[in-house]
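A.B. asks: Below is one structure. I have some questions about it.
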Amino acid sequence: MASVKAQMTELASLIGDLQELARPDAGRSAPLEVLPLHTVLRAALDRARLRGPELTFVTDLAPWYVRAEPAALERALVNVLDNAVKFSPPRGTVEVTLMRGELTVRDHGPGIPADELPHVFDRFWRSPSARSLPGSGLGLSIVARTVRQAGGTVALAPAEGGGTVATVRLPGAPTPPPGGASGASVVPEEGSTRPDRVFGKSRGRPRARSGRPARRRRGSRGRGG
């Protein structure tokens with residue numbers, strides 16, 4: 001029974017990956033939304049724990065808001081975590097950190113040979129050492145595509161002491177923009193990026209240097225009529 005459930009889960013994941021890759025890069029099936037990355041990541045972690053119930057997940061998640069497609073973002077995060085689950089040793093540990101828009105997922109598995117690193121985001125590519133494991137070779141290519149569409153970057157590298165660390169960087173802010181995910185006005189922290197600029201929104205009338213609203217001058221007609 002457990003084998004049947006595992007096969008059904010793998011088939012559902014494959015269908016979802018194929019549907020995601022079938023979409024053209026130039027078009028989006030869903031509008032971009034301001035999303036709490038830390039909340040979406042917690043939902044992805046719940047799914048990862050079901051796939052690796054014997055693993056220990058050590059998490060440190062700071063608030064971060066991004067603009068992305070909700071379903072695509074969650075699938076990308078699930079795929080990053082699933083990759084760590086897949087290569088972790090029994091009763092191993094997966095460390096997940098989100099700090100100022102940088103997400104790192106570190107496993108303690110066998111790691112990735114240096115000559116294979118340039119290919120990990122290629123569609124249908126699978127490491128020779130992983131071909132006996134479940135998977136279609138599509139997961140990380142979907143991660144790369146989703147992160148790129150959100151204006152971010154993703155990379156895999158050997159972790160110090162063994163294993164692999166995935167690093168995803170997404171533009172955003174530690175607080176949502178005014179009227180964004182929380183609907184509350186935001187006062188950005190000193191030295192932080194303004195949420196309205198990060199998310200491409202601005203509000204209010206232009207202001208003069210004195211801080212008062214600038215007056216608009218009426219245009220005058222020229223002599224030429």
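A.B. asks: Give me, ordered by chain and number, the residues 5 or more places off Phe57 or on other chains with an amide H under 5 Å from its own placed amide H.
C.D. replies: Val94
A.B. asks: Using a 7 Å offset from Cα along Cα-Cβ at Arg100, what residues in segment 51-90 end up with backbone N under 16 Å from the label point?
C.D. replies: Flagged as within label range: 61-65.
A.B. asks: Something else now. Hey, rough spin-label estimate for Thr93 and Val58, points 7 angstrom out along Cα→Cβ, what's it come to in nanometres?
C.D. replies: 0.3
Every number here is computed from the coordinates shown, using simple stated rules; none is lab data. Fair warning: this is a prediction, and the values are worked out from it, not measured in the lab. All Cβ positions, even for glycine, are placed from backbone atoms using ideal geometry, and neighbour counts span all protein chains on display.
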